[in-house]
1. For the charge dipole of the chain, defined by +1 on Lys and Arg C-beta atoms and -1 on Asp and Glu C-beta atoms about the Cα centroid, which residue among 193, 335, 436 has the Cα displaced farthest towards the positive pole?
2. Once the dipole of segment 268-327 is set up with Lys and Arg at +1 and Asp and Glu at -1 on Cβ about the Cα centre, which of 293, 279, 319 lies farthest towards its positive end?
3. Taking the alpha carbon gyration tensor of the chain, what are the square roots of 5 times its eigenvalues, largest first, to the nearest whole Å?
4. Compute the orientation-averaged projected area for segment 7-134 from the convex hull of its Cα atoms and round it to one decimal in nm².
5. What is the P(r) of segment 327-382, as percent of Cα-Cα pairs per 10 Å bin from 0?
6. Return the distance in nm (one decimal) between the two label points of a simple spin-label model at residue 26 and residue 234, each offset 7 Å from Cα along Cα→Cβ.
7. To the nearest 0.05, what FRET efficiency results for residue 76 and residue 112 with a Förster distance of 30 Å applied to their C-beta separation?
8. Which of the peptides 109-120, 50-61 is most tightly packed, and how do the rest follow, going by the mean number of other Cβ atoms within 10 Å of each residue?
Amino acid sequence: MKTYKSKILVVDDDQKIRFAFNEVLKKDGYTTIFAKDGVEALERVDADHVSVIFMDIAMPRLDGLEALRRMREKDQSIPTIIITGYGTMQTAIKAMQLGAFDYLTKPLDVDKIRELTRKAMASVGEPEDGTHEHSMLTVDVVDRYELVGSSPGMQEVYKLIGLVSTTPATASVLIDGESGTGKELVARAIHASGSGNGKPFVGINCAALPETLLESELFGYEKGAFTGAAERKLGKFEVAEEGTIFLDEVATLSLQLQQKLLRVLQEREFERLGGSTSIPVSARVLAAANVDIESEIRKGNFREDLFFRLNVIRIHLPALRERADDIPLLANYFLAKYNEQLNKDVKGLSPEAMSLLREYQFPGNVRELENLVERALMLTRGEQITPDMLRRMMAGSRKSSFVPVKNSTFKQSRSKVLLIFEKQFVEEKLSRHGGNVTAAAKSSGMTRQNFQRLMQKHHVRAESFRQDNSPRS
Ligand SMILES: Nc1ncnc2c1ncn2[C@@H]1O[C@H](COP(=O)(O)OP(=O)(O)OP(=O)(O)O)[C@@H](O)[C@H]1O
Ligand SMILES: [Mg+2]
């Protein structure tokens, strides 16, 4: 028998939800009390001994996030699980920043409720680890780097982004996932939602530069440090100030630079090349990898000690094929984006086109989906993107990267690939210019005659790229 009954406060304006919680929690031996909105919740918390709170966001009078904020202002640190009907990145991040214990999306999952109740209960009475003290941030999230997706995998990502901003800048973050899954977007979202927002975001792609150049970019140099060092150059670590430094493709760093980076992370200072003054590092370090970094460690290509320093917080981005439920959301998001950019008014994807997308494996992940939607949109002249349109694009991208080798000489193979490329190039140029041949030729750096010759060779007709009101050429 329990010595006292733990009270759980459930705050939701929906009577069915309150009822459901009551059923679940009563069976597990907890006492549940209820509130219909944020104002009532604050009253209950003042009047009663509440151990754990489940609280909806959208409620009349006072919403859940605001209620949570006021509780934290009054130093009430009752573990609170925020519930929302619609899992956006913004709300998840905000909830975690306000010090929410966790974050739940509707429809509610009974096992999840039980699990979170247990965890939250276990956390009560344990010594405070201090995380809640930092967790009240005044910074709001910027929505410029909005990540789209409401699958459980992405919810986890949003939660972690929110959590990062409650940790000190010395906690590095390792973001991993296949190419095109949104690692850079996550890095920017971390920057935008943290205390470094407004300070510089300095990105550097470790794979793009040769070692010596990369070294001088990262650490800078003093005048005369080597031939050609005509004046002092600041390193990225100092340029980032109290902001963020994003080391993209970190797994490609040479072992020598890995060691230097390790030192920076350990000592939080460095010297410019040829210099002797120690320069303090205040930026948060984010690193991204699209390879399996643990296996790079086993192969001896990546230092384990550096890995531990970078991997204080790990954010893994699931491949798009592992979260197919996000595909329609993303497709519509990109449709709206490119409708605006390309000044088109395509209403949507046909249901068949959508299910085709959902079945596709997307080796290039979100980036590939984005390109696919953009190209399909350019070539669509009807109201909807159709499945044949998509099939053609998918086949097209496969064909152009497919190099025929069997029974082909080099020359034959090359001309086949070239033909596919030429046709696709001409079509896309025309599409971008609404069937205006003069403009398409100009932007291709070709004379109108040469461009037209290519069109004829591939039986491409300008009319089929014209919108009703676009200029004739
Ligand atoms: N969840 C998402 N919502 C909206 N757009 C996304 C999302 N994920 C990725 N994108 C878009 O897809 C493209 C690729 O994303 P990003 O550059 O962040 O990928 P990455 O993981 O860094 O890839 P790589 O490993 O190839 O560098 C970008 O245009 C980005 O805006
Ligand atoms: Mg990237």
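All of the numbers you see were taken from the coordinates with simple rules; none came from a lab. Because the structure is a prediction, the values reported are computed rather than measured. Positions of Cβ are backbone-derived with ideal geometry, glycine not excepted, and every protein chain shown enters the neighbour counts.
1. 436
2. 279
3. 47, 34, 20
4. 7.1
5. With 10 Å bins starting at 0, P(r) equals 24, 61, 15.
6. Inter-label distance under the simple model: 6.4 nm.
7. 0.80
8. In decreasing order of mean packing, 109-120, 50-61 become 50-61, 109-120.
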